[in-house]
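Each remark here refers to the structure printed beneath this line.
The numbers here are math on the coordinates, done by the rules we state, and not lab data. What you see is a predicted model, and the numbers here were worked out from it, not measured in a lab. Glycine gets a Cβ as well: all are built from the backbone with ideal geometry, and neighbour counts include every protein chain shown.
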Amino acid sequence: MVDQPGDGEYPEHWEADVVLRDGGTAHLRPIHPSDAEAIQTFHTGQSQNSIYMRFFAFKARLSAKELKRFTEVDYKDRVAFVITMRGEIIGVGRYDRLDDPTEAEVAFNIADAHQGRGIGSILLEHLAAAAHENGIQRFSAEVLPENRKMLMVFSDAGYDVKRHFDDGVVSLEFNIDPTEKSRAVMESREHRAEARSVRDLLTPSSVAVIGASRKWGTVGYQLLEHIVEGGFSGPVYAINPEALELAGMLSYGRLTEVPEPVQLAVIAVPYEEVLSVVEDCAAAGVKGLVIASAGFADDGERGLQRQRNLVRQARASGMRVIGPASLGIINTHPEVRLNASMAPTLPRRGGLGLFSQSAAIGVSLYAASSRRRLGISTFLSAGNRADVSGNDIMQYWEDDADTSAVGLYLESIGNPRKFSRIARRLARTKPVIVAKSDTMGLRLPPGHAVRTTQAPGGALDSMLRQSGVIRVETIEQLVDVAQVVAGQPLPAGPGLAILSNSQALGKVVADSAADHGLTVEQLVTGVDLDAGRSVALPALRAALLEALRPAHVHGAVAALLPARGLTVDSIAESLADVSAEAGKPVVAAFTGILDDSVYVEGMVGAGDKAVPCFSNPGAAVAALAAVVRYSEWVSRDHGHFVEPPGCDPARARAELEVQLRDVKGEQLKQLDPAAAASLLGHYGISVLPSAAFDTPDEAVEAAEVLGWPVAVKTTDPALRHRLDLGGVRLDIQDAESLRRDVLQMRRALALYGDPALEVQSMAPVGQACTFRAIEDPLLGPVISFGLAGDAVNLLDDWSHRVPPLSAADVHDFIRAPRAARKLFGYQGLPAVDVSALEDLAGRLAWMKDNHPEIALVEFNPVLCGTSGATILAADVRIGNAAQRTDSARRAMRG
């Protein structure tokens with residue numbers, strides 16, 4: 001931590017690497033007094049017009065006093081950010097708090113050579129986030145009317161900007177609290193920039209292989225060979241200081257000797273040489289790096305530091321990094337034909353995009369997709385995922401017309417909330433299939449330097465599912481689903497036709513379909529495939545078309561035993577014709593074929609007449625069921641992220657600031673009932689009042705204030721809800737009964753020490769539920785819901801969600817626990833007011849999303865009756881918030 005003049009310490013957590021509008025990278029950080037000379041250099045390099053636009057007058061140089069004021073800030077009332085590239089300042093943004101402590105004036109200055117790259121928008125976003133952190137609510141600015149570029153920065157930010165013209169200057173003012181529109185604007189800019197940066201990596205105009213070798217079997221040899229033999233459309237350069245000729249082409253000793261610009265560098269040199277190679281790449285103006293070399297974060301703490309230095313150096317020079325320890329990248333587009341990977345040949349072209357992390361998983365994923373004859377659009381192995389991540393390539397895939405479905409195998413996840421919002425957006429137009437390690441988030445694989453989670457088991461999976469991804473367990477399941485969605489229409493519902501040439505097999509498949517939540521609408525088992533090709537294939541086609549004709553049938557499984565005279569290919573092509581004619585998906589399962597030379601696992605058929613085939617009918621049904629669930633998610637109304645009425649985040653924020661003044665380090669502070677009730681009240685959440693007491697007479701006095709009837713309970717968290725252990729007495733009608741119950745409870749609870757007691761008004765009868773919310777190091781805010789009692793913990797019957805939650809998310813959240821059917825009428829009991837639980841869930845989620853300082857909230861129990869829900873006890877704990885992985889600042893975090 002660097003001490004600064006003024007009141008504040010240098011805020012390291014404000015530093016960020018950012019992606020610019022054109023896909024390049026830069027580093028953003030708070031200004032430092034040592035920047036004085038660089039600021040002067042930046043200023044004198046500006047045109048007279050740019051200086052006039054910033055200062056409303058021409059200044060050839062900044063005075064010593066001005067430099068001191070600009071570079072010495074307190075990071076609270078006066079904040080300034082610089083954006084640097086290759087060590088040079090290319091943009092400056094600052095705010096100064098005004099007399100009104102909730103308002104600050106903001107100003108920017110962007111280098112002439114870098115205008116139009118989105119730097120002003122990035123600076124505004126980061127200044128707004130810093131100001132928000134320091135209690136500032138509004139920004140104002142004065143801009144000359146002819147400074148159209150700066151006026152556009154403000155008008156395009158998504159804020160509600162008020163402007164007026166006075167004395168030749170345009171005055172602007174706007175509230176900086178994030179709005180749905182401003183978030184959408186930021187995400188749209190982030191999306192375009194990150195998609196562009198990945199596009200530059202996957203569609204380079206030229207490639208250099210650094211570490212290319214003539215020694216057969218080495219990584220450098222294979223990478224060069226695969227690029228050349230794959231037919232890459234642009235020039236390829238071999239870099240090796242010890243060879244004059246490689247792969248039939250002239251070799252260069254260093255990248256800087258190459259006469260033409262190189263856009264992508266593929267690096268396969270020993271790890272100790274990588275940093276110097278990256279320096280050469282920066283000097284040569286390379287835009288992207290694919291680093292196959294290992295020996296970085298996979299080599300302990302020393303290697304991790306090497307990796308951090310590598311990424312810092314590359315980003316500061318405007319380059320994105322794939323790797324280290326990457327298997328490579330592939331793009332099958334005929335105008336690119338890039339196989340910069342360890343795959344021996346360029347795969348067949350198709351609509352599936354694939355992403356993996358470690359090389360080993362990448363090999364397995366590539367091999368599995370190749371075995372299934374799946375056509376690939378692009379493939380990227382992130383290796384240690386030091387920079388380019390699954391989030392980045394999903395941004396690219398969203399706009400890529402060649403990609404119709406995507407599959408990702410994740411071993412770690414650095415920014416789950418960003419993943420969630422990108423995947424949710426992508427999944428609305430393209431299936432997103434995700435396999436992950438069972439321990440992902442709990443333990444880190446070698447080479448992966450991200451946070452781990454402390455959230456409840458199942459929270460990460462819940463986040464993935466609420467994002468609309470098709471969650472699978474293994475690589476084989478991933479390609480099972482991928483071959484169903486590759487080139488086939490999505491099923492419109494769960495209605496299924498099953499066709500088989502065996503009654504027994506058809507019945508088994510029908511049972512399996514029912515177990516997977518599908519509805520068997522047609523079961524056709526009388527098809528004779530032994531009647532010869534000229535008769536059997538038309539009969540098969542007619543039977544399947546007839547089974548698919550009803551509107552309530554949305555897809556079909558053809559489960560077939562071997563037939564005399566018919567090849568698997570001929571049957572598959574007939575099934576593909578039917579699928580195309582009916583506009584409904586068809587999958588096939590060929591069971592009982594003993595000849596290993598007969599291909600039955602993957603896309604079977606010629607060209608467009610291919611159908612997804614399986615050797616196991618159960619796998620076929622499971623894959624189709626997963627696609628049905630996805631299709632239902634796509635077609636539903638997801639609702640909006642709407643703030644519940646009656647919420648006041650600003651007042652809650654001010655109250656938290658006061659409460660946290662005496663909280664040091666990582667300690668947590670439990671709010672007393674009054675403070676908790678006040679904080680919750682800012683989100684329209686009320687807790688049934690209670691009063692602690694020491695004597696029976698004090699209990700009676702409290703009951704008179706609260707109103708009869710009352711309940712008495714211990715405040716001990718393990719006993720307060722345990723009627724069976726004497727921790728609570730209910731429905732006490734008068735003072736005499738209350739005094740008697742207090743004495744009896746004291747005797748009963750003596751076994752557990754002397755726990756404190758409190759008296760509380762009786763709540764309406766209802767189903768007991770519990771809510772929890774935590775701030776997790778990896779996932780950020782996580783909320784959980786279950787029906788109260790031992791079963792929720794013993795059976796782990798919780799639902800979990802990661803805010804923000806749409807109306808559809810809240811609906812699913814309350815209904816997800818297995819015991820949730822008790823809410824809708826159970827064993828003769830009336831249904832409860834589920835809408836009250838949904839309202840409470842929405843308010844809790846909104847509060848946790850806004851306030852990372854709230855470390856824990858527990859409502860236990862919440863009694864939900866036929867009208868309304870009542871919180872009987874609330875435990876609220878607060879602490880100093882760590883920086884979330886997906887904050888309001890646009891930054892590259894993986």
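DSSP finds beta bridges in the chain, and of those with both partners inside it, around 60 percent are antiparallel. Positive contributions from Lys and Arg (+1) and negative ones from Asp and Glu (-1), summed over other residues with Cβ under 9 Å from the Cβ of residue 603, come out at +2. Overall shape of the stretch 51-93 was characterised from the C-alpha gyration tensor. The equivalent ellipsoid obtained from it has semi-axes of 18, 16, 11 Å, in decreasing order. Value of Rg to Rh for the stretch 197-484, rounded to two decimals, is 0.96; Kirkwood radius and Rg both from alpha-carbon coordinates.
A dipole drawn for the chain from +1 and -1 charges on Cβ atoms has a positive end, and of 640, 618, 874 the residue lying farthest that way is 618. Here's how it looks for residue 246: its modeled amide H is under 5 Å from those of 251, which are all 5 or more places away or on a different chain.
Amide H contacts of residue 269: 293, each under 5 Å away and 5 or more positions distant or on a separate chain (H built 1.01 Å from N in the peptide plane; Pro and chain starts excluded). Only alpha carbons enter this Debye calculation for the stretch 488-635, each as an equal point scatterer, and the log10 of I(q)/I(0) it gives at q = 0.09, 0.10, 0.15 Å⁻¹ is -0.23, -0.29, -0.66.
As a footprinting exposure proxy, order 345, 866, 453 by other Cβ within 10 Å, with the fewest listed first.
345, 866, 453
Partner aspartates and glutamates whose Cα lies under 19 Å from the Cα of residue 430, excluding those fewer than 8 positions away in the same chain, are identified as 187, 194, 392, 398, 399, 400, 402, 480, 632, 637. Computed log10 I(q)/I(0) for the stretch 689-762 at 0.17, 0.26 Å⁻¹: -0.51, -1.23, from the Debye equation with unit scatterers placed on every C-alpha and solvent omitted.
Ordering 676, 224, 597 by the projection of their Cα atoms onto the charge dipole of the chain, which places +1 on the Cβ of Lys and Arg and -1 on the Cβ of Asp and Glu, puts 597 at the extreme positive end. Short-range pairs are left out: with C-alpha atoms under 8 Å and at least six residues apart, the relative contact order of the chain is 8 percent.
Karplus-based coupling profile of the stretch 328-342, in residue order and whole Hz: x, 9, 9, 9, 8, 4, x, 8, 10, 6, 9, 10, 8, 8, 8, with θ = phi - 60° in 6.51 cos²θ - 1.76 cosθ + 1.60 and x standing for Gly or Pro.
Highest first, please rank the peptides 471-484, 158-171, 796-809, 214-227 by the mean number of other Cβ atoms sitting within 10 Å of their residues.
Top of the packing list down: 471-484, 796-809, 214-227, 158-171.
Its Cα centre serving as origin, the stretch 493-645 has a Cβ charge dipole (Lys and Arg +1, Asp and Glu -1) of approximately 220 debye. Packing, as the average of other Cβ atoms within 10 Å across residues, places the peptides 93-99, 387-393, 361-367, 47-53 in the order 387-393, 361-367, 93-99, 47-53, highest first.
Computed packing ranks the peptides 190-196, 693-699 as 190-196, 693-699, most packed first, by mean other Cβ atoms within 10 Å. Distance distribution note for the stretch 233-383: the fraction of Cα pairs above 19 angstrom is 56%.
For a distance above 54 Å, tell me the whole-number percent of Cα pairs in the chain that qualify. Looking at the chain, the distances longer than 54 Å represent 25 percent of pairs.
When DSSP beta bridges are restricted to pairs lying wholly in the stretch 488-635, around 25% turn out antiparallel.
For a straight C-alpha distance cut-off of 21 angstrom, the lysines reachable from residue 609 (same-chain residues fewer than eight places away being disregarded) are 584.
In summary, the lysines within cross-link reach of residue 848, defined as a Cα separation below 17 angstrom excluding same-chain residues under 8 places away, comprise 418, 669. Here is how the number arises for the chain: DSSP H runs of 4 or more residues each give -39500 (n - 2.57), the sum is divided by the residue count, and the result at 222 nm is -10500 deg cm²/dmol. Summing Cβ point charges (Lys, Arg +1; Asp, Glu -1) relative to the Cα centre of the chain gives a dipole of roughly 1520 debye. The mean of 1/r over all pairs of different alpha-carbon atoms in the stretch 12-176, once inverted, gives a Kirkwood hydrodynamic radius of 16.1 Å.
Positive end of the dipole of the stretch 1-131 (Cβ unit charges, origin at the Cα centre): among 120, 34, 45, the Cα lying farthest that way belongs to 45.
Histogrammed with a bin width of 5 Å, the alpha carbon distances of the stretch 750-839 distribute as 3, 11, 19, 19, 18, 13, 9, 7, 2, 0 percent, first bin at zero.
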